[in-house]
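Contents: one structure, followed by commentary.
What follows draws every value from the coordinates through simple rules; no lab data is involved. Predicted model only: the values in this text are computed from it and were never measured. Note that each Cβ is placed from the backbone with ideal geometry, even for glycine, and that neighbours are counted across all protein chains shown.
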C-alpha cells in the first residue's frame with residue numbers, strides 16, 4: 001500500500017513500521033484524553049495493546065498518520081511531526097444491529113467499512129489535516145473494494161460533523177448500540193467525488209479533532 005497526500009503542508013502516509021504504530025497509539029491516547037468519554041465498552045485498552053488488530057491490511061483495514069513541519073509550515077525533510085491519525089476497518093464483526101447478508105444504506109454489510117479514531121492535535125488545528133486524513137481514507141477504502149463508509153460521532157462535535165457533510169457524508173440509520181448520549185451516524189457512498197480542498201475552512205477542520213467517538 002502506498003498513500004501520500006498534501007493539504008496546506010500536511011502529508012498523509014500509511015502506518016507500516018513499528019515506530020509509526022507507536023505514533024498512532026500515542027495520538028489515539030491523546031484523542032481519548034481530549035474526548036473525555038468512557039470508552040471502556042469498546043475494550044479500548046485491548047484495542048491499543050493489540051494494534052493493528054481490526055485495522056490491519058490483511059483484515060481489510062488501514063491506519064493513516066498526518067504529519068507537518070514541526071513549526072506548522074512547509075514540509076522540510078527531517079523536521080516533520082505527527083499531528084493526527086485516522087483508521088479504517090470492516091464494519092462486519094463490529095456491529096450488533098446488522099447481520100451478515102443484510103444491507104447498510106442499500107449496500108451489503110460485507111462491502112461496508114467504518115472510519116475510526118479521527119483526531120488532529122489541537123496545536124495543529126487549521127492546517128486542513130482532518131480533511132486530508134478523511135480524503136486519504138476514502139481513497140484507501142475505495143481501493144479495497146468497499147462501496148460505503150460509515151462513521152459514528154457525537155452531536156457536540158459540530159465542526160467535525162460539518163466537515164463530514166462537506167466531504168459528502170449524509171446522516172444514516174443507526175448501525176451499532178453505542179451507549180453514549182448524542183450519537184450521530186453518517187455514511188458516504190465511495191463512488192461519489194470528495195469535496196474540493198478549498199471548500200473546507202480552517203475553523204471546521206480545527207473542530208474535526210474527534211469523530212469515531214464510540215464503536
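What distance in nm separates the simple spin-label points at residue 50 and residue 97, each placed 7 Å from Cα in the Cβ direction?
2.4
Label points 7 Å out from Cα along the Cβ direction at residue 19 and residue 123: separation in nm?
For the pair residue 19/residue 123, the computed spacing is 1.9 nm.
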